[in-house]
Amino acid sequence: MSYQLTTAKIWNGTAWIDAAGGAKPWWETYGQVQRGLATAVSVTCSTTAHTKGAWTEVIASTSGNADFLVIGAFSSTNSTDTASLFDVGFGAAGAETAKIENVAIGSWFYMTVVVPFAVPSGTRIAIRAQSIVTGGKTISFFVQAFDSGNYANAPTAVDVIGTSTATSRGTALSTTAGTYAQVTASTANAYKAIAIVPSAADASLSGYNQTYTLATGAAGAEVERGSTTINSTSGEQIQAFGMQALALVSGTFAAGTRLAVKGNQNTVGSNFDVCLIGIR
């Protein structure tokens, strides 16, 4: 099963649970206290393709412990393949440590990624990025840090799966609708949840309502675990419906699990990609 974070599905510190029977709705459970905010911060990629640029501060210091991050990105370049990756880092200027690495975004990217993560009080948060584009592409990011009261049990590490620093892209979906593309043959760690992060890297993207479905299991015997749906346009724009957060697929994902993703639309002439964020 999969759940958008705009539904009543919450992390209680040890498991994803239904917010039923009088539990608080998501907007009260998540974001009870905002610990940091950055809006429309411009991050410049390296002038060399597929090379990370400098870190750019997005939050100078969180005002208290936080247990999840909301990250959004925007870059507007029509008729150009602008495949890009970004990292989120913690630490003082010049001494940043990457905590979330190589998340793939494509051309225009209108959606938010919600990542459960322990962020200590007073943490400086920065972002850096790379792109297929030479000359120093700029990407606008917003980042918010929230405290839902579960800092002590929040994940302290995540794995981004299915990206390539050599191409600045995620894993390409099959060009045949309903056919799975392998994202990884075997996960390095066990996960409590997995975020599906769609992207598109093409100079002439087609318009689709594309559903990304995550599955586990051997090739030809995949078991569906959850999905998320995005919209794309011929202007290289890709966005989640209603600007909602991307799906977190909850459940048990053991170490050594094969992960694959399929689309429901043929992608001939359009390069739809995906990466996954494994929540430990």
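If the condition is being closer than 14 Å to residue 54 by Cα, out of contact with any Lys or Arg (no Cβ under 8 Å at 6 or more places or on another chain) and crowded, with 21+ Cβ neighbours inside 10 Å, then region 125-152 contributes 125, 126, 127, 137, 139. Within this structure, residue 134 fails the test of being part of a loop (DSSP other than H, G, I, E, B) and touching a strand residue (DSSP E or B) at 6+ places or on another chain (Cβ under 7 Å).
For region 103-111, the count of residues that are buried (at least 16 other Cβ atoms within 10 Å of the Cβ), touching a Cys at 6+ places or on another chain (Cβ under 6 Å) and under 27 Å from residue 249 (Cα atoms) is nonzero. Being modelled with pLDDT of 95 or more, more than 13 Å from the chain's Cα centre (by Cα), outside any strand (DSSP E or B) and crowded, with 20+ Cβ neighbours inside 10 Å is the requirement here; does residue 122 meet it? The answer is no for residue 122.
Yes/no matrix, rows are residues, columns are (1) out of contact with any His (no Cβ under 7 Å at 6 or more places or on another chain); (2) of a type in the set (A, V, I, L, M); (3) over 16 Å from residue 195 (Cβ atoms):
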| site | (1), (2), (3) |
| --- | --- |
| 99 | yes, no, no |
| 117 | yes, no, no |
| 122 | yes, no, yes |
| 126 | yes, yes, yes |
| 136 | yes, no, yes |
| 149 | yes, no, yes |
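Across region 166-213, the number of residues qualifying as in contact (Cβ under 8 Å) with a residue 40 or more places away in the chain, assigned to a loop (DSSP other than H, G, I, E, B) and not polar (S, T, N, Q) comes to 13.
Looking at residue 191, is it surrounded by 21 or more Cβ atoms within 10 Å (Cβ to Cβ), in contact with a Ser or Thr (Cβ under 6 Å, 6 or more places away or on another chain), in the same structural domain as residue 273 (by TED's automatic domain parsing) and aromatic (Phe, Trp, Tyr)? Walk me through it before giving the result.
On the way: surrounded by 21 or more Cβ atoms within 10 Å (Cβ to Cβ): yes; in contact with a Ser or Thr (Cβ under 6 Å, 6 or more places away or on another chain): no; in the same structural domain as residue 273 (by TED's automatic domain parsing): yes; aromatic (Phe, Trp, Tyr): yes.
Judged against the criteria, residue 191 is not a match.
The values are calculated or read from the model by the stated rules, or taken from the named source; none is laboratory data. Here the structure is a predicted model, which means the values were calculated and not measured. In this analysis, Cβ positions are derived from the backbone assuming ideal geometry, glycine residues included, and neighbour counts consider all displayed protein chains.
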